[in-house]
Amino acid sequence: QQHDAVEASLLDPVPTIFVGLLAYSAFFIKGDARWKMLAAIVLTMFSVVFWALFEQAGSSLTLFADQSTEMPRGFNAAMTQTFNPGTIIIFGPIMAALWLWLGKRGLEPNVPVKFGMALVGVGAGFLLLVWASHTQVNDAFKVPLIWLFLAYFLHSIAELMLSPVGLSMITKLSVPRMVGMMMGAWFMASALAHIVAGLVAKSTSTETVGGVVTDPALALATYAKVFQEIGLWGVGIGIALLLGSPILKWMMRGVK
């Protein structure tokens, strides 16, 4: 009941709040500040899609690991939760150095492009699992662990593109008197994304007895179907954002 109450308190009011922020920024803020605020709000709305897909790590992807992934001896589904933090620890400094190297040469992608690349990356991770589910399955209807690791790798690199620049983008683009409110909106978007992530995870459920799936083939097919849908949505929305990035860059008025 508590979960249902939280879900109801977010699913309808949060989109309404974002519409209100868009309207307020469009009609009551003037000059360059208006366009920068609108860019911040739009990018925050795109972040909902990213986090809704990324947060499958704690739900459907872990269940996929348990039910539809071939585990080496001594390894289990819970251990797959090390893939993301391990990748972040190793590749975080590498990505930071890459942005600095590109920045010195005037080649660093702007914030909308990073957001778009992140959405494409998280969607591609799911599509990789869909491909593996159709082509790399053993007799027990399970895919090798390497494909799940590669999906997590793509998701983690995508997180490194979006997450570090999120709050920085909010503080740079927001009107000074509204920075606190916009930071709250960013975290509110994250909360909404977690609710959506839960709804997506529910759609992957199949019948189990004592925690063991009764039909492994159906379970794998269900995961592949849902992962294909959300993967295509992620890639498609990411491409749309990349195509629209010149407009958002213009709206940001030189903010990097």
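The values are calculated or read from the model by the stated rules, or taken from the named source; none is laboratory data. Quick caveat: nothing in here was measured; it's all calculated off a predicted structure. Neighbour counts are summed over all protein chains in view; Cβ atoms, including those assigned to glycine, are modelled from backbone coordinates with ideal geometry. Side chains are part of the model used for accessible areas, which takes the heavy atoms of the whole protein and leaves out ligands, DNA and RNA. Shrake-Rupley method; radii C 1.70, N 1.55, O 1.52, S 1.80 Å.
Listed by chain and number, the lysines whose alpha-carbon sits under 28 Å from that of K225, ignoring those within fewer than 8 places in the same chain, are K114, K142, K202.
In a simple Cβ point-charge model (Lys, Arg +1; Asp, Glu -1; nothing else charged), the chain has a dipole of about 1360 debye relative to its Cα centre.
Listed by chain and number, the aspartates and glutamates whose alpha-carbon sits under 19 Å from that of K249, ignoring those within fewer than 8 places in the same chain, are D32, E108.
Of the solvent-accessible surface of the range 1-94, computed with a 1.4 Å probe and all protein chains present, 67% belongs to carbon and sulfur. Scanning the chain for long hydrophobic helices, with DSSP H runs required to stretch 27 angstrom or more by C-alpha along their axis and to average at least -0.5 on the Kyte-Doolittle scale, returns 31-54, 83-104, 111-135, 145-173, 179-202, 216-251.
Counting only protein heavy atoms and using a 1.4 Å probe, the accessible area of M178 comes to about 10 Å². One way to sum up the overall shape of the range 201-245 is the equivalent ellipsoid from its Cα gyration tensor, whose semi-axes run 32, 9, 5 Å, largest first. Expressed in units of 2.2 N^0.38 Å, where N is the residue count, the Cα radius of gyration of the chain is 1.09.
The order of T62, T44 by accessible area, most exposed first and with a 1.4 Å probe, is T62, T44. In the range 26-70, which residues have a backbone nitrogen under 18 Å from the label point lying 7 Å from A140's Cα in the Cα-to-Cβ direction? What the label zone holds, given the 18 Å backbone N cut-off, is 62-70.
From the Kirkwood radius over Cα pairs of the range 4-117, Stokes-Einstein at 37 °C and 0.692 mPa s returns a whole-number translational diffusion coefficient of 182 µm²/s. The H on the amide N of E108, modeled in the peptide plane, is under 5 Å from the matching H of G103, each at least 5 residues off or on a different chain. Note on surface exposure: F187, F227 rank F187, F227 by accessible area, highest first, 1.4 Å probe. Once you reduce the range 190-256 and the range 93-160 to the center of their Cα atoms, the two points are 14 Å from each other.
Straight-line reach from K36: taking Cα to Cα under 15 Å and skipping same-chain neighbours fewer than 8 places apart, no aspartates and glutamates fall in range.
Note on exposure: T214, T204 ranked by accessible area (1.4 Å probe, complete protein assembly) read T214, T204, with the most exposed listed first. Considering helices alone, the calculated mean residue ellipticity of the chain at 222 nm is -26500 deg cm²/dmol, with DSSP H runs of length four and up weighted by -39500 (n - 2.57) and normalised per residue. Under a 5 Å amide H cut-off, with hydrogens placed 1.01 Å from N, E70 pairs with V143, L145 among residues at least 5 apart or on other chains.
The range 47-108 gives an Rg/Rh value of 1.16, both radii derived from C-alpha positions and Rh following Kirkwood.
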